[in-house]
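Engineer: First the structure, then my questions, so here it is.
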Amino acid sequence: MLKTIGDYFILIGQTFQRPPKFSIFRRQLMHEFYNLGVSSFGIVSILSVFVGAVAAILVAYNTDNPMFPEELIGFSTRQMVILEFSPTIISIILAGKLGSQIASELGTMRVTQQIDALQVMGINTANYLILPKIIACLLFMPVLIVFSIALGLIGGWAACLLTNIITPYNYILGLRSWFDPFSVYFALIKTEVFAFLISSIAGFIGYNVKGGSVEVGKASTKGVVHSSILIIIFDLILTQTLLT
Amino acid sequence: MITVKNISKSFGDKLVLDDISLSFRRGMTNLVIGESGSGKTVLMKICTGLVEPDAGEVLFNDIRFSNRSEDIRVDIRKDMGVLFQGGALFDSMNVEQNVMFPLNMFTNMSYKEKLERVNFCLNRVNLNNINKLMTNELSGGMMKRVAIARAIANSPKYLFCDEPNSGLDPVTSEIIDALILEITEEYNITTVINTHDMNSVMMIGQSINFLYKGQLWWQGNSSNILHTDNEELNNFIFSTELTKRLKNNK
Ligand SMILES: Nc1ncnc2c1ncn2[C@@H]1O[C@H](COP(=O)(O)OP(=O)(O)OP(=O)(O)O)[C@@H](O)[C@H]1O
Ligand SMILES: [Mg+2]
């Protein structure tokens with residue numbers, strides 16, 4: 001266990017070095033943007049709209065009492081979506097998608113000796129293979145999460161429109177009340193931490209696969225499980241330290 | 001020239017290489033033969049720096065390579081071409097990008113120059129007009145040849161081939177053997193070939209090292225290998241029904 005953590009930090013050290021040829025790094029990065037980032041818009045859109053709608057309905061159900069002002073529904077939905085649903089739930093979903101993608105891609109390269117082939121050419125394989133993936137995740141995931149927040153709030157609005165729990169006008173009024181920009185920063189900080197966890201852990205696991213195709217499958221599962229667990233743990237740590 | 005000095009390597013308590021010393025000469029095809037599990041691949045991995053030896057060292061033209069930092073090794077690695085047992089082509093790239101890869105990484109050639117070199121190397125391995133195919137669209141023999149083209153793209157001084165013709169039909173494997181021999185002599189490369197194919201041994205065995213149970217058991221070449229009275233080597237050479245019958249008829 002301790003050795004694994006040590007190995008992880010050694011690999012991170014090898015990864016974060018200046019790429020020898022910037023033009024090649026830029027090409028790799030563009031590829032990963034598409035491969036990891038753009039291809040995730042679909043799943044993120046669908047989930048965000050539905051989660052936002054469910055959040056609005058849940059809040060409405062729990063505050064169905066004349067004592068609460070109607071704006072509370074828009075307000076609470078916004079807070080839930082910004083503080084937890086988009087950054088954490090969507091990140092866990094992305095851990096499933098990106099984590100398995102990264103771990104299985106690197107694992108396959110390892111067992112088919114493609115990584116060895118790079119190494120004998122004198123290439124810093126961690127830097128060449130993992131760095132573009134981490135940077136792509138760090139740059140792209142905030143975009144996905146902001147997009148997800150927007151869609152989540154639209155999902156809540158759609159729920160109001162379709163179920164008339166409250167009028168869409170009151171929902172929007174609620175969205176706009178008591179807004180503290182820090183909640184968005186908080187969401188973005190969490191996203192960056194999660195993006196790093198997903199890409200580096202899945203990268204570490206995939207890079208160190210030993211054996212054959214069965215191990216690649218296991219590594220891909222392990223990449224998802226480990227990064228999801230760490231996301232939850234860091235969610236707690238960050239919420240505790242940043243919000244209180 | 002590559003010098004292997006007193007190399008030993010164990011995995012757990014299994015001694016795989018036991019005090020191996022030999023040298024691979026320039027402009028020649030140097031073969032390492034031995035049955036499956038005799039340590040050929042491990043020896044090649046030690047020579048290419050993918051595995052570190054427990055004892056001993058490997059020298060490239062008298063410069064020590066084993067157990068050194070990657071910064072120092074890089075200079076030697078730039079002169080190294082390796083053909084892996086499974087080809088190890090990059091499956092996210094097409095044929096042209098695979099062969100061009102070492103040129104992209106280590107030279108400042110223009111795209112036009114690189115393309116010329118790629119086409120030259122592909123032509124050299126008798127592959128034409130397949131530049132845009134992806135690696136999964138190639139046959140096993142074509143993959144091996146693309147891998148050879150990639151290995152020679154950056155004009156290596158040292159070429160390592162791990163079982164270049166395993167899994168290929170006799171005709172294709174002869175073509176590949178002939179190709180490796182030709183390239184070796186033409187460019188004066190130090191070529192190391194792992195094989196257990198007797199046909200290759202006879203065709204390109206300019207220098208032969210026989211590994212047996214982790215030890216260097218016999219050294220020679222294709223003209224004296226059939227006349228040896230070394231028992232283990234004879235068992236290895238005449239292991240198939242075909243060769244046994246040929247020998248008894250002789
Ligand atoms: N990474 C490793 N960990 C443990 N044992 C290993 C490792 N690599 C090789 N070995 C062992 O070393 C021995 C020699 O293996 P090696 O791959 O060198 O054989 P080989 O001569 O190349 O065989 P083949 O002709 O089948 O390719 C085998 O018994 C193998 O089990
Ligand atoms: Mg082998």
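The values are calculated or read from the model by the stated rules, or taken from the named source; none is laboratory data. Note that the structure is a prediction, hence the values are computed from the model and not measured. So basically every Cβ, Gly included, is an ideal-geometry build from the backbone, and we count neighbours across all protein chains shown.
Engineer: Does the range B:21-59 hold any residues that are of a type outside the set (D, E, K, R), within 15 Å of ligand 2 (Cβ to nearest atom) and within 20 Å of B:F236 (Cα to Cα), and which are they?
Structural biologist: Within the range B:21-59, the subset of a type outside the set (D, E, K, R) is B:21-24, B:27-34, B:36-39, B:41-44, B:46-51, B:53, B:55-56, B:58-59.
In the following step, the residues that additionally are within 15 Å of ligand 2 (Cβ to nearest atom) were identified as B:31-34, B:36-39, B:41-44, B:46-48, B:50-51.
The answer is B:L31, B:V32, B:I33, B:G34, B:S36, B:G37, B:S38, B:G39, B:T41, B:V42, B:L43.
Engineer: Of everything in the range B:214-243, what is in contact with a strand residue (DSSP E or B) (Cβ under 6 Å, 6 or more places away or on another chain) and modelled with pLDDT under 80? Give them in sequence order.
Structural biologist: none
Engineer: For residues that are touching a residue at least 24 places away in the same chain (Cβ under 8 Å), more than 16 Å from ligand 2 (Cβ to nearest atom) and of a type outside the set (A, V, I, L, M), tally how many sit in the range B:174-198.
Structural biologist: From the range B:174-198, those touching a residue at least 24 places away in the same chain (Cβ under 8 Å) are B:174-181, B:183-185, B:187-198; that's our starting set.
Restricting the remaining residues to those that are more than 16 Å from ligand 2 (Cβ to nearest atom) gives B:174-181, B:183-185, B:187-191, B:198.
Those left that are additionally of a type outside the set (A, V, I, L, M): B:174, B:177, B:184-185, B:187-188, B:190-191.
Adding up the residues that qualify gives 8.
Engineer: Oh, and also: Among the residues that make up the range A:185-195, is at least one of them within 14 Å of chain B (Cβ to nearest Cβ) and either within 29 Å of A:A56 (Cα to Cα) or away from ligand 2 (no atom under 16 Å from the Cβ) (or both)? Before you say what the answer is, go through the steps one by one.
Structural biologist: Taking the range A:185-195 as the starting set, the residues that turn out to be within 14 Å of chain B (Cβ to nearest Cβ) are none.
No; the residues of the range A:185-195 include none that is within 14 Å of chain B (Cβ to nearest Cβ) and either within 29 Å of A:A56 (Cα to Cα) or away from ligand 2 (no atom under 16 Å from the Cβ) (or both).
Engineer: Name the residue, out of A:S104, A:S91, that is within 27 Å of A:A195 (Cβ to Cβ), touching a Ser or Thr at 6+ places or on another chain (Cβ under 8 Å) and within 14 Å of chain B (Cβ to nearest Cβ).
Structural biologist: Working: A:S91 fails: within 14 Å of chain B (Cβ to nearest Cβ).
Result: A:S104 is the single residue among A:S104, A:S91 that is within 27 Å of A:A195 (Cβ to Cβ), touching a Ser or Thr at 6+ places or on another chain (Cβ under 8 Å) and within 14 Å of chain B (Cβ to nearest Cβ).
Engineer: Please indicate, with yes or no, whether at least one residue in the range B:47-57 is loosely packed, with under 14 Cβ neighbours inside 10 Å and either closer than 20 Å to B:P156 by Cβ or in contact (Cβ under 8 Å) with a residue 60 or more places away in the chain (or both).
Structural biologist: Checked the range B:47-57: no residue is loosely packed, with under 14 Cβ neighbours inside 10 Å and either closer than 20 Å to B:P156 by Cβ or in contact (Cβ under 8 Å) with a residue 60 or more places away in the chain (or both).
Engineer: Also, quick follow-up: Being aliphatic (A, V, I, L, M), closer than 11 Å to B:M28 by Cα and within 16 Å of ligand 1 (Cβ to nearest atom) narrows it down to one residue among B:I193, B:I180, B:I189; which is it? Before you say what the answer is, go through the steps one by one.
Structural biologist: Working: B:I180 fails: within 16 Å of ligand 1 (Cβ to nearest atom); B:I189 fails: within 16 Å of ligand 1 (Cβ to nearest atom).
Unique residue meeting the criteria: B:I193.
Engineer: Scanning the range B:146-173 for residues that are within 16 Å of ligand 2 (Cβ to nearest atom) and of a type outside the set (G, A, S), which turns out nearest to the chain's Cα centre (by Cα)?
Structural biologist: Once the filter is applied, the top-ranked residue is B:C161.
Engineer: So, restricting to helices (runs of 4 or more DSSP H) that lie completely within the range B:52-126, which ones have at least 3 residues that are more than 11 Å from chain A (Cβ to nearest Cβ) and among the charged types (D, E, K, R)?
Structural biologist: Working: elements: B:70-77, B:95-106, B:111-124.
Where helices (runs of 4 or more DSSP H) fall fully within the range B:52-126 and carry at least 3 residues being more than 11 Å from chain A (Cβ to nearest Cβ) and among the charged types (D, E, K, R), they are B:111-124.
Engineer: If you don't mind, another one. Do we find that A:G122 is over 30 Å from A:F9 (Cβ atoms) and free of Cβ contacts under 8 Å to residues at least 40 places away in the same chain in this structure? Write out each step before concluding.
Structural biologist: Values: over 30 Å from A:F9 (Cβ atoms): no; free of Cβ contacts under 8 Å to residues at least 40 places away in the same chain: yes.
It is false that A:G122 is over 30 Å from A:F9 (Cβ atoms) and free of Cβ contacts under 8 Å to residues at least 40 places away in the same chain.
Engineer: Let me ask another. Name, by its number, the condition in (1) in a loop (DSSP other than H, G, I, E, B); (2) in contact (Cβ under 8 Å) with a residue 24 or more places away in the chain that does not hold for A:V44.
Structural biologist: (1)
Engineer: Scanning the range B:25-36 for residues that are part of a loop (DSSP other than H, G, I, E, B) and over 16 Å from B:D197 (Cβ atoms), which turns out nearest to ligand 1 (Cβ to nearest atom)? Reasoning before the result, please.
Structural biologist: Filtering the range B:25-36 for residues part of a loop (DSSP other than H, G, I, E, B) gives B:25-27, B:34-36.
Those left that are additionally over 16 Å from B:D197 (Cβ atoms): B:25-27.
Numbers: B:R25: 22, B:R26: 24, B:G27: 25 Å.
If we take residues in the range B:25-36 being part of a loop (DSSP other than H, G, I, E, B) and over 16 Å from B:D197 (Cβ atoms), then B:R25 is nearest to ligand 1 (Cβ to nearest atom).
Engineer: Answer yes or no as to whether A:I115 is more than 14 Å from chain B (Cβ to nearest Cβ) and of a type in the set (V, I, T). Lay out the reasoning, then the answer.
Structural biologist: On the way: more than 14 Å from chain B (Cβ to nearest Cβ): no; of a type in the set (V, I, T): yes.
Criteria not met by A:I115.
Engineer: So B:K213 clears everything in (1) touching a helix residue (DSSP H, G or I) at 6+ places or on another chain (Cβ under 6 Å); (2) within 16 Å of ligand 2 (Cβ to nearest atom) except one condition, right? Which one?
Structural biologist: Unmet for B:K213, out of (1) touching a helix residue (DSSP H, G or I) at 6+ places or on another chain (Cβ under 6 Å); (2) within 16 Å of ligand 2 (Cβ to nearest atom): (1).
Engineer: Oh, and also: Going by what's in this entry, would A:A55 be described as closer than 28 Å to B:N136 by Cβ, away from chain B (no Cβ under 14 Å), of a type outside the set (D, E, K, R) and touching a residue at least 24 places away in the same chain (Cβ under 8 Å)? So that I can check it myself, show each step before the final result.
Structural biologist: On the way: closer than 28 Å to B:N136 by Cβ: no; away from chain B (no Cβ under 14 Å): yes; of a type outside the set (D, E, K, R): yes; touching a residue at least 24 places away in the same chain (Cβ under 8 Å): yes.
Judged against the criteria, A:A55 is not a match.
Engineer: Of the conditions (1) within 13 Å of chain B (Cβ to nearest Cβ); (2) touching a Ser or Thr at 6+ places or on another chain (Cβ under 9 Å); (3) of a type in the set (F, W, Y), A:Y128 satisfies every one except a single condition; which number is it?
Structural biologist: Here A:Y128 meets the rest and fails (2).
Engineer: Continuing with this model, one more query. Determine if the range B:178-190 includes at least one residue that is closer than 22 Å to B:D19 by Cα and not hydroxyl-bearing (S, T, Y).
Structural biologist: no
Engineer: Ok, one more. Would you confirm whether or not the range B:159-177 contains a residue that is within 14 Å of chain A (Cβ to nearest Cβ) and away from ligand 1 (no atom under 15 Å from the Cβ)?
Structural biologist: Looking for residues that are within 14 Å of chain A (Cβ to nearest Cβ) and away from ligand 1 (no atom under 15 Å from the Cβ), one finds at least one in the range B:159-177, hence yes.
Engineer: Oh, and also: Could you grab the pairs with beta carbons closer than 7 Å, sequence gap of 6+ or different chains, first residue in the range B:18-42 and within 14 Å of chain A (Cβ to nearest Cβ), second one in a loop (DSSP other than H, G, I, E, B) and near ligand 1 (Cβ under 6 Å from one of its atoms)?
Structural biologist: none
Engineer: Right, next: Residues in the range B:135-144: is at least one at negative phi and in contact with a strand residue (DSSP E or B) (Cβ under 8 Å, 6 or more places away or on another chain)? I'd like the intermediate steps shown before the answer.
Structural biologist: Our first condition is that a residue be at negative phi; within the range B:135-144, this holds for B:135-144.
Going one step further and asking which of them are in contact with a strand residue (DSSP E or B) (Cβ under 8 Å, 6 or more places away or on another chain), we end up with B:135, B:144.
Yes.
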